[in-house]
1. So, of the residues in segment 68-83 that are in a loop (DSSP other than H, G, I, E, B) and farther than 17 Å from residue 28 by Cβ, which turns out to be modelled with the lowest pLDDT?
2. What number of residues within segment 69-82 satisfy the criterion of being farther than 19 Å from residue 4 by Cβ and surrounded by fewer than 19 Cβ atoms within 10 Å (Cβ to Cβ)?
3. Would you mind stating whether residue 60 is within 25 Å of residue 88 (Cα to Cα) and under 12 Å from the mean Cα position of the chain (by Cα)?
4. Taking the condition surrounded by 14 or more Cβ atoms within 10 Å (Cβ to Cβ), more than 18 Å from residue 3 (Cα to Cα) and at pLDDT below 95, does residue 65 pass?
5. Could you list all residues from segment 37-61 that are crowded, with 19+ Cβ neighbours inside 10 Å, part of a helix (DSSP H, G or I) and touching a helix residue (DSSP H, G or I) at 6+ places or on another chain (Cβ under 8 Å)?
6. Do you know which of the residues in segment 85-117 that are within 15 Å of the chain's Cα centre (by Cα) and part of a loop (DSSP other than H, G, I, E, B) is nearest to residue 14 (Cα to Cα)?
C-alpha cells in the first residue's frame with residue numbers, strides 16, 4: 001500500500017515542489033496545509049500516515065504541532081523540515097515526538113521512507 005502524506009508549509013511554492021517530488025517518488029499526497037490550524041484539521045479529516053511538517057509556521061511552531069499530533073489517536077509519523085540545519089534546533093526535534101528531520105534541500109520520497117524504515 002502506498003503511504004499517504006500531508007504536506008504542511010506556509011510557502012505555497014515549497015508545498016507544490018514537495019508534492020511533485022514526493023508523488024514522483026511514489027508517495028500519495030492527500031493534502032496540503034499552510035498553517036498549524038489547517039494542519040491539525042487536515043490531519044484529522046484526511047488521516048495521512050505521514051506528515052511532512054515545516055518547523056516555522058505563521059501561527060505556531062512545527063515542533064509543538066508534532067507533539068500535538070503524537071497525542072492524537074491516529075498518531076501519524078511526523079517528519080520535520082526546515083531550510084535551517086537540524087543543529088539549530090538541538091534536542092527539541094527529538095523532544096517533539098517527530099520521527100526525524102530532513103533539510104528542505106534534501107527532501108525526497110526515498111529519504112522520507114528510509115528515515116521511517118518503510119519501502120514502497
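The values are calculated or read from the model by the stated rules, or taken from the named source; none is laboratory data. The model shown is predicted, which means the values in this text are computed figures rather than measured ones. Quick reminder, even Gly has a Cβ in these numbers, built from the backbone with ideal geometry, and neighbours come from all protein chains shown.
1. Step by step, filter segment 68-83, then rank; the result is 73.
2. Counting residues in segment 69-82 that are farther than 19 Å from residue 4 by Cβ and surrounded by fewer than 19 Cβ atoms within 10 Å (Cβ to Cβ) gives 1.
3. No, not satisfied.
4. Details: surrounded by 14 or more Cβ atoms within 10 Å (Cβ to Cβ): yes; more than 18 Å from residue 3 (Cα to Cα): yes; at pLDDT below 95: no.
Judged against the criteria, residue 65 is not a match.
5. Residues satisfying the conditions are 39, 43.
6. Among those that are within 15 Å of the chain's Cα centre (by Cα) and part of a loop (DSSP other than H, G, I, E, B), it is 107.
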